[in-house]
1. Across the stretch 102-161, which residue is farthest from residue 86 (Cα to Cα) among those that are within 16 Å of the ligand (Cβ to nearest atom) and acidic (Asp, Glu)?
2. Scan the stretch 80-88 and tell me whether some residue there is out of contact with any strand residue (DSSP E or B) (no Cβ under 8 Å at 6 or more places or on another chain), within 16 Å of the ligand (Cβ to nearest atom) and not in a helix (DSSP H, G or I).
3. For the stretch 55-79, give me each residue that is more than 14 Å from the ligand (Cβ to nearest atom) and assigned to a strand (DSSP E or B).
4. Can you run down the residue pairs with Cβ atoms below 7 Å, 6 or more apart or on separate chains, where the first is in the stretch 65-83 and modelled with pLDDT under 90 and the partner is more than 13 Å from the ligand (Cβ to nearest atom) and of a type in the set (D, E, K, R)?
5. From the list 52, 72, 113, 85, which residue is on the phi < 0 side of the Ramachandran plot and either touching a Cys at 6+ places or on another chain (Cβ under 8 Å) or among the charged types (D, E, K, R) (or both)?
Amino acid sequence: MSSIDSLAQLFMKFPGIGTRQAKRFVYFLLAQDPHFVDSLAREIAALKREIVQCEGCYRFYPRAGEGRLCSVCIDDADSATLMVVEKDTDFESVRRSGSYAGRYFILGGTIPVLERDPASKIRINELLARIEGDAADGLTEIILALSVNPEGDFTRDYVIKALKPIAEQLGITITTLGRGLSTGTELEYSDGDTLRHALKNRG
Ligand SMILES: [Zn+2]
């Protein structure tokens, strides 16, 4: 197999990338100057070395020292609320909006409707463990901030069902952002005002 084919096969593992697009990426690289290709290779090599996953919220963050928790989990964020989002880019949107001062948990995706093994698609067990730990820290509310679309709705229902027993036992309220967001809204693309409104009107 030539380098063209083997690199194209790697690109095909990217989300949403098919054979034709993968080949276009390879030919794009061939047309660039060596400096571009070198820095791309260098950045990819550095990624796994310099970025680590937080053991508290599961988001990716630049490694600093030997700690296993990111700055948001360590700093004095309001420990009474825990916001559950799908992915890192959603976390970034909420963070950028400046409308929320509590803690976070990255669920790691959504559950496709009709999925037979929902627990394999999201970090539900890790979330349950996190809630148990945070309860001792004064957690009183879990905010589910998932996208308003069929997969987001399905995931929300599944998570609520899974959290209900422990939430009731520990006296924790589960709220959702859905009401403030219109149908089809992806958290990632929501602006600061929309997020603030959705947070204020959560229920
Ligand atoms: Zn964290």
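The values are calculated or read from the model by the stated rules, or taken from the named source; none is laboratory data. This is a predicted model, so every value here is computed, not measured. All Cβ positions, even for glycine, are placed from backbone atoms using ideal geometry, and neighbour counts span all protein chains on display.
1. 137
2. Of the stretch 80-88, the ones out of contact with any strand residue (DSSP E or B) (no Cβ under 8 Å at 6 or more places or on another chain) are none.
Checked the stretch 80-88: no residue is out of contact with any strand residue (DSSP E or B) (no Cβ under 8 Å at 6 or more places or on another chain), within 16 Å of the ligand (Cβ to nearest atom) and not in a helix (DSSP H, G or I).
3. 78
4. Note: pairs meeting the criteria are 79/137.
5. 72
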